[in-house]
There are 2 protein chains.
Amino acid sequence: MHRKILETIREFIREHDMLVPGDRVIIGLSGGADSVSLLMILSELKKELNIELFAVHVHHGLRGKEADRDSIYAQELSENLGVPFVCVHANVAEYARINGVSEEEAGRHLRYRILEEQRLFRHAAKIAVAHHADDQVETVLYNLFRGSGLKGLGGMRPVRDAVIRPLLSVTRKEILAYLEEKEISYCEDSTNSGTDYIRNRLRHEIIPAVRERINEGAPSNILQAAKTAAAADACFEKAARRILESSGIRERREDGGVISIGISAENLKQEESIVRQYVIRQMIGETYLSLKDITSVHVEEAEKLLFKPVGRRIQLPDGGYALRTYDELWIKKEEKMLFSQSGGEETGLTPVMTTFPYKKGQEIPKNRYTKWFDYDKINSALSVRYRETGDYITLAGGGRKTVKSFMIDEKIPKEERGKILLAADGSHILWIIGYRISEYYKITDDTHTVLQIQIDGGKIDE
Amino acid sequence: MHRKILETIREFIREHDMLVPGDRVIIGLSGGADSVSLLMILSELKKELNIELFAVHVHHGLRGKEADRDSIYAQELSENLGVPFVCVHANVAEYARINGVSEEEAGRHLRYRILEEQRLFRHAAKIAVAHHADDQVETVLYNLFRGSGLKGLGGMRPVRDAVIRPLLSVTRKEILAYLEEKEISYCEDSTNSGTDYIRNRLRHEIIPAVRERINEGAPSNILQAAKTAAAADACFEKAARRILESSGIRERREDGGVISIGISAENLKQEESIVRQYVIRQMIGETYLSLKDITSVHVEEAEKLLFKPVGRRIQLPDGGYALRTYDELWIKKEEKMLFSQSGGEETGLTPVMTTFPYKKGQEIPKNRYTKWFDYDKINSALSVRYRETGDYITLAGGGRKTVKSFMIDEKIPKEERGKILLAADGSHILWIIGYRISEYYKITDDTHTVLQIQIDGGKIDE
C-alpha cells in the first residue's frame, strides 16, 4: 500500500512536471491527515527529487486550544523530519468581517496569501498543498451545481502558477491507509470540519448518495471527466492566446497596462463560437483586474456584437464595455474607473503587502497590479488611501511632481481623481495605483528588502 | 405562459435549424405529457413553419389494458388535431430477451427503429422526440456518474441525424403548465415510470437532494455546462475530421469500407493530446461498426503508440488493433473478423430490416452497413444466416458466382468463412455482409419497394 501511494504520487509529479531538481517547496501544513501525509511523502521523495522543503503552518486564531495543539503538533512533526518550520498567525475573523466573506473563504484567501509570502521570502519555487482526489470530486460537483464552464468542470489543476497539488492523484482513503501503516498520528483537519455548509453537504450527503444509489465508481468517473474538461479548457485557452498574440491590437498606458484591446471582427467570426468566447474572455482578462464579476452572459453578449452594426456596444461591470467598430471588436476599460464607483475595499480589491529579501538580478514582475518597491526607502508607516493635498511622486530625473498635476496631465476628470487609490509614504506617493510608480522607490542593485504591493483579484478554481 | 413556451420553442427550433419549410416530421407519440405537448406545440407551429406532421405510437405490448388506453388516447388526440396517426406494435419483452438487454433499453431501441422505419416509409425528413430540459439534466448526470467524456457531458443533442428535440429548451414544469392552460389531458408517461432504476433514482432522489441541499438553480447550471461541453465536443470532432480528411491514409475494400486507416505520426504529435484522441477515436470509428466497446483506455493506449518504437501494437476489441509503423499510426480491423469470434447475435449486431416505397432518384445510402435492395425481386422468405452449400451471388454482367469461390478469391481463410453472415433469398445471396451485394437485387428505376438491411450498432447519447 505504502509503496503504491508513493509510486502513484511520484508518477503524478513527473507527469505534470511539478518539480525540478533544486526546487525549494513551501508546504502548507495544517496538521491534518492530508497535509501531514503530503509532508511525509515529499520528505520520502526529497532525496531522489533533489528538493528542499519548508513547512508553513497558518494559525487561524479561531479554535482556541485546539488550534494551538495543531500548531504544536505540526511543529514537532516538521522537526522530527528535519524540515524547517514556521507558524504564521492570521486574523481570519477580522479579514472575514472587513471583506464581507465567510470565515471559510477568508481562511482560504489568507492561507494562500501567507504561503505566497513565504514562498517569496524564502525564494522558493513552489507551494505544495494537500488537496486529494476526494476534494477534487467535491470541487467539480460544487462548480457544476453552482454554475461553471469547462474551467470549473476541470476542477483544481495539478499545477497552477507556483501552486502544486501532488496528492490530487490519490484518495483520502489511500492517504489514511498510508498514515496508518506509517503509524503517524494527525489532528482533525480544520478544513474538513469547516463552516462551508455546501461543501459539507456534498461530502456527507450528496456524494455518498450518488455512490450508493447510482454508481459506486462515480467519483473516479467524475475525476476522469474533469481531466477531459481541463484538457479541453487548456486547449481553447491556448488557441485563444495564439489568436490574440498574432492579431490583438492593444492600447496601453505608459506602465504597460492594457486599456483597450481589439481584434479583427472578420477573423474572429471565422472561429468556432466556443473559441470566440475564450478569445473575448482573454480580452476582458487583459483589461480587467479579475474576471470574477464577468459572467458567461457578458461574454455571449460581447460575442453577438460581431454580428451587430458598427457602433453597438454592451456594458461590462465596473464601467468597461465591448464595442463593435467597422473592422474590430474592442474591449475597453478606462483605467480611471478601476476603483471608481465604490473605492477599493467595496469592489473586493484589497492591496496585499509582502516583504522579502531581494536577490540581485531577481526578475521584477511586469504585472500591472503587482509592483515591487525598495522597502528600506520607506520613511514613515505605509498606507493605501485616496489623495490628499501635498501628495507628490518622484520623476525619472529626480524631480517631484504633485499628484494633482499628474492627474491633470493625464486628463483624469476632476470627479474621478478622488477615487484613485494611492500607496503612500507620508505625502510621498509610491504608486498611483493603475498609473505610475515613483522613481524614488524603484528596486536597484542596492535594494536589500522588497516590498511587494499586489492588488488582489479573485481566484477561479479553489 | 402558453405564449412564452411557444416562443421559447420557436426560437430553439430556429437556433438549431431543426426544421425547414416543407419538412415532413414523424412525432413519437406515447400519449404522455411530454409527447402530447410536443404534438400540440408542433401543431400550433405547423402553419408558420410550413411542415407536415405524422404521429407514430409504439405499442410496447407490455402493460396490457393501460397500454391499450394510451394507444387509443394518442389516436384520438391526433385525429382531433387532424394529424395522420399510426400505431405500431413492438414486442419489447422478446427483443429484450433475445438481445440480453433491459426492457427499458429494448423499448428505447425499438422505438427509435420504428420511428426511423416510419420516417423512411413516409419520406419524412425528421423525427421529433419529446425529451425536455429535465430529461437532459438527468442524462448529463447519468453520463457523468457512469463515466463519459465531453460527448456524454454534452447530453442529448438538439439535432442528431434525422432526430430533433424541440422541447429540450423547456422544463417538465413548463410543459405541464402549458397542458393545464390548454386543458389537455394525457396518460401517465410510460417512459417516466419505467424500469430504469438508476434514472428513477436520479430523478426522484439525487436531483431533488442537490436542489434542496446545494443549489436550487443546479439544473439550469448543469444545462449550461452541458451546452459548453457539447460545443467543445463538436469543435474537437470538427478539428479531427479536418485532420483525417486532409491526411488520413485509407485502405479500402471494393465496397468502399475502410479496413485500415493511417495517419502521419509526426503530424499527429503536433496536435494537443485531446485532439489526438478525437482523431484516434474517429479512425476507430471508420474501421469499426460501433464505438460502443471502445473505452478511453483503448484510445489513450493507441495515442501512446505515437511515442513508442516501430512495430509496437495494442489490441482493440473484436480483433482490431492499433499499430505504430515508421511513419504512421494505423488502426486496422480485418473485415473478416467482424462477426468472427461469436457470430452476429452474440456481438449484439442484429440485422434490422425495413421496407418502404421507393421514390425515383432517392439517394441510396453509401454506408457500408446499411444496404438497400429491390424488395420485389425477393422470391422466398428472406433469412440472415451463415453460408450453405450452393449459395451464390449475381455478378455485374449477370453471371453467377458461388459464395465459396468468392471467399477463396477474397483470400478469406477457410476457418473464417463459416463466420460471415449472409442475407439470403433461398440460395441466392443478396449480401455477403461486409463484402459485396448481389447485382440482381440492386435498386433500379423500376424498383417499387426498398428493402433496407442495416447492421445495427449502438447509439451513444440516449
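Grab the DSSP H runs of the protein assembly as shown that are 4 residues or longer, score each as -39,500 (n - 2.57), total them, divide by all residues and round the 222 nm result to the nearest 500 deg cm²/dmol.
Numbers: 34 runs with 382 residues, N = 924.
Helix contribution divided over all residues of the protein assembly as shown: -12500 deg cm²/dmol.
Membrane-span-like helices in chain B: DSSP H runs reaching 30 Å or more (Cα, own axis), mean Kyte hydropathy at least -1.0? Helices passing the filter in chain B: B:218-247.
What is chain A by shape, rounded, prolate or oblate, if you read a ≥ b ≥ c off the alpha carbon gyration tensor as root eigenvalues and call it rounded for a/c under 1.5, prolate for a/b larger than b/c, and oblate otherwise?
On the way: a/c = 1.97, a/b = 1.30, b/c = 1.52.
Oblate is the answer for chain A, as a/c is 1.5 or above yet b/c matches or exceeds a/b.
Per-residue shielding of A:215-224, expressed as the average number of other chain Cβ atoms within 10 Å of the residue Cβ, stands at 3.
How many Cβ atoms of partner chains, on average, are near each residue of B:226-234 if near means within 10 Å of its Cβ?
6
Of all beta bridges that DSSP places with both ends in the protein assembly as shown, some 70 percent have antiparallel geometry.
Among chain B residues, the one whose Cβ is nearest the axis of the rotation from B to A, given with its distance rounded to whole Å, is B:ALA232, 2.
Could you list B:TYR441, A:TYR197, A:TYR358, B:TYR326 in order of exposure, starting from the residue whose Cβ has the fewest other Cβ atoms within 10 Å? Intermediate values should be presented prior to the final figure.
On the way: B:TYR441 25, A:TYR197 12, A:TYR358 21, B:TYR326 8.
In order of increasing Cβ crowding within 10 Å: B:TYR326, A:TYR197, A:TYR358, B:TYR441.
Dipole of the protein assembly as shown computed with +1 at Lys/Arg Cβ and -1 at Asp/Glu Cβ about the Cα centre; of B:SER383, A:LEU81, A:TYR288, farthest Cα towards the positive end is A:TYR288. Sort the range B:370-462 into rounded, prolate or oblate with this rule: let a ≥ b ≥ c be the square roots of the eigenvalues of the Cα gyration tensor; rounded if a/c is under 1.5, and if a/c is not under 1.5, prolate when a/b is larger than b/c, oblate otherwise. Oblate, because a/c is 1.5 or more while a/b does not exceed b/c.
Taking each residue in B:198-210, count the Cβ atoms of any other chain within 10 Å of its Cβ, then average. What number comes out? The partial results should precede the final answer.
Values: counts 3, 1, 1, 5, 3, 0, 1, 5, 5, 0, 0, 6, 9.
If you average over the peptide's residues, the count of other-chain Cβ atoms is 3.
Is the range B:166-239 best put as rounded, prolate or oblate by its Cα gyration tensor, with a ≥ b ≥ c the root eigenvalues, rounded for a/c under 1.5, and otherwise prolate when a/b is larger than b/c, oblate when not? Prolate, since a/c reaches 1.5 and a/b exceeds b/c.
Scoring B:10-17, B:52-59, A:204-211, B:417-424 by mean Cβ neighbours within 10 Å over their residues and listing the highest first yields B:52-59, B:417-424, A:204-211, B:10-17.
Per-residue counts of other Cβ atoms within 10 Å, averaged by peptide: what ranking do you get for B:395-406, A:265-276, highest first? List each step's numbers first, then the result.
Values: B:395-406: 12.9, A:265-276: 16.6.
Packing proxy ranking, top to bottom: A:265-276, B:395-406.
Taken about its Cα centre, the range A:105-254 carries a charge dipole of about 660 debye when Lys and Arg each add +1 at the Cβ and Asp and Glu each add -1 at the Cβ.
What size of dipole, in debye to the nearest 20, comes out for the range B:343-455 about its Cα centre when the only charges are +1 on Lys and Arg C-beta atoms and -1 on Asp and Glu C-beta atoms?
On the way: 17 positive and 15 negative charges, 50 e Å.
The dipole of the range B:343-455 has a size of about 240 debye.
Fewest-first ordering of A:TYR440, B:TYR178 by other beta carbons within 10 Å of each residue's beta carbon gives A:TYR440, B:TYR178. Protection proxy ranking of B:123-133, A:154-164, by the mean of other Cβ atoms within 10 Å over each peptide's residues and highest first, is B:123-133, A:154-164. Considering only the range A:53-173, what is the antiparallel percent among its DSSP beta bridges, to the nearest 5? Restricted to the range A:53-173, the bridges split so that about 20 percent are antiparallel.
What is the antiparallel percent of DSSP beta bridges lying wholly in chain B, to the nearest 5?
Numbers: 44 of 61 bridges.
Of those bridges, close to 70 percent are antiparallel.
Values in this text are rule-based calculations from the coordinates and carry no lab data. In this text the structure is predicted, and so the values were computed from the model without any measurement. Here the Cβ is made from the backbone with ideal geometry for all residues, glycine too, and neighbour counts use every protein chain on show.
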